[in-house]
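The values are calculated or read from the model by the stated rules, or taken from the named source; none is laboratory data. As the structure is a prediction and not an experimental result, all values here were calculated from the model. Just so you know, the surface numbers come from the protein's heavy atoms only, side chains and all, with ligands and any DNA or RNA stripped out. Shrake-Rupley method; radii C 1.70, N 1.55, O 1.52, S 1.80 Å.
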Amino acid sequence: MTQFQRIAFCTSLAVINAPHVSFWAETQHSSAEPYQKLQTKLLAWLRGELKSEANLLRFHEAFCDWRDAQPEDDSLAWRLLQFCCAALHSACETLFDPECDDTELLLGSLEALWAEMDELGAETTELRQYWHSLQQELPDLIKDNTRLPFPKAWFVWLQEADVSLFGLSND
């Protein structure tokens with residue numbers, strides 16, 4: 001994958017699965033605002049609307065502080081939160097470091113989370129197929145990008161993914 005395909009891949013995982021971050025925050029009686037703000041700023045950057053690297057990095061730093069302050073928990077919800085945070089963090093890191101490539105780590109984490117869900121009695125076959133179909137479309141949407149902004153078709157594709165990879169609705 002190119003740098004821009006890796007950014008799109010990581011951002012996609014963070015955005016599609018964002019409902020799990022909101023769910024976590026609700027159960028903790030806290031706010032997911034730093035995650036949501038960084039996600040919004042990153043998407044604005046990828047649209048070419050945000051030009052200030054310092055502004056984006058400021059939101060990234062606030063997000064990292066928030067992520068580090070989340071209480072560790074031995075639950076699937078906490079592991080889903082960590083997965084989402086890793087995806088958002090990797091998207092930002094890849095944006096500024098063309099050598100950064102956390103795709104294999106994220107894919108391994110995704111598989112481990114599905115395996116855990118299977119052990120808990122959830123059915124993940126359709127979720128895996130859903131991700132496979134999304135993954136098939138992603139390279140074509142970003143294939144020729146070597147600069148910003150990302151193509152509008154990618155943003156439409158991202159918006160159309162209305163269910164997380166773990167079965168939570170994005171509504």
Evaluate the relative contact order of the range 6-69 (contact order divided by residue number), counting alpha-carbon pairs under 8 angstrom at least 6 apart; express in whole percent.
28
Using only the alpha-carbon atoms, what does the range 105-171 span along each of its principal axes? Please give whole angstrom values in decreasing order.
42, 28, 15
Starting at the first residue of the range 3-10, write each ³J(HN,Hα) from the Karplus equation 6.51 cos²θ - 1.76 cosθ + 1.60 with θ = phi - 60°, in whole Hz, x for Gly and Pro.
4, 6, 5, 5, 4, 4, 4, 5
Apportionment of accessible area to carbon and sulfur, the range 1-160, percent (1.4 Å):
51
Would you calculate a helix-derived [θ] at 222 nm for the chain, using -39,500 (n - 2.57) for each DSSP H run of n ≥ 4 and dividing by the full residue count, to the nearest 500?
-23000 deg cm²/dmol
How high is the relative contact order of the chain, in percent, with contacts defined as C-alpha pairs under 8 Å that are six or more residues apart?
40
Please state, as a whole number in µm²/s, the translational diffusion coefficient that the Stokes-Einstein equation yields for the range 12-100 at 4 °C and 1.567 mPa s, with Rh defined as the Kirkwood radius across alpha carbon pairs.
98
Can you tally the lysine pairs in the chain where the Cα-Cα distance is under 19 Å and the two residues are eight or more apart, or on different chains?
5
May I ask you to evaluate 6.51 cos²θ - 1.76 cosθ + 1.60, the Karplus curve with θ = phi - 60°, for each residue of the range 79-85 and list the ³J(HN,Hα) values in order in whole Hz, giving x for glycine and proline?
5, 5, 4, 4, 4, 4, 5
By the Cα gyration tensor axes a ≥ b ≥ c (a/c under 1.5 gives rounded; else a/b larger than b/c gives prolate, otherwise oblate), the shape of the chain is oblate
